[in-house]
1. Residue under question is residue 17, and the condition is that it be among the small types (Gly, Ala, Ser) and without any contact (Cβ under 8 Å) to a residue 40 or more places away in the chain; does it hold?
2. Any idea how many residues of the range 16-48 are open to solvent by less than 90 Å² (accessible area, probe 1.4 Å), among the hydroxyl-bearing types (Ser, Thr, Tyr) and more than 19 Å from residue 76 (Cα to Cα)?
3. Return only the number of the condition from (1) open to solvent by 70 Å² or more (accessible area, probe 1.4 Å); (2) touching a residue at least 12 places away in the same chain (Cβ under 8 Å); (3) out of contact with any Pro (no Cβ under 9 Å at 6 or more places or on another chain) that residue 61 does not satisfy.
Amino acid sequence: MMRDQEDTLFPLWLCASHAEKYAQQHWPSYTPRKITCNDFESSLLPTLSRFNVTPALLNGSGHKFKLTVGQMRHFFFSGQGLHFAS
């Protein structure tokens with residue numbers, strides 16, 4: 001976990017190589033692991049909510065995009081997801 005000025009954050013990456021790079025720099029004794037969609041939705045998100053921890057998507061440069069647990073559910077599990085203009 002990490003902190004910013006306002007929140008305790010649980011970092012998440014969509015790209016495994018970005019997670020590994022970040023971990024090598026900041027948590028050298030930790031190896032990032034994948035989580036299944038089912039475990040993410042049914043176990044991790046409720047735990048983050050219970051402990052008032054904010055999920056944060058990080059990119060390869062370490063920029064954070066904070067989402068609420070509800071937003072994570074909506075964007076990744078509602079079936080409506082993110083839609084990009086073509």
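The values are calculated or read from the model by the stated rules, or taken from the named source; none is laboratory data. Keep in mind that what you see is a predicted model, and the values were worked out from it rather than measured. We place every Cβ from the backbone using ideal geometry, glycine too, and count neighbours over all the protein chains shown. Accessible surface areas use protein heavy atoms only, side chains included; no ligands, DNA or RNA. Shrake-Rupley method; radii C 1.70, N 1.55, O 1.52, S 1.80 Å.
1. Details: among the small types (Gly, Ala, Ser): yes; without any contact (Cβ under 8 Å) to a residue 40 or more places away in the chain: no.
Considered against the rule, which asks whether it is among the small types (Gly, Ala, Ser) and without any contact (Cβ under 8 Å) to a residue 40 or more places away in the chain, residue 17 comes out as no.
2. Keep residues of the range 16-48 that are open to solvent by less than 90 Å² (accessible area, probe 1.4 Å), which gives 16-19, 22-23, 27, 32, 35-36, 39-48.
Keeping just the survivors that are among the hydroxyl-bearing types (Ser, Thr, Tyr) gives 17, 22, 36, 42-43, 47.
Subset that is more than 19 Å from residue 76 (Cα to Cα): 17, 22.
Selection size over the range 16-48: 2.
3. So residue 61 meets the others, but not (2).
To keep it simple, each residue is scored yes or no on (1) assigned to a helix (DSSP H, G or I); (2) at pLDDT 90 or above.
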position	(1), (2)
39	yes, yes
43	yes, yes
46	yes, yes
55	no, yes
71	yes, no
74	yes, no
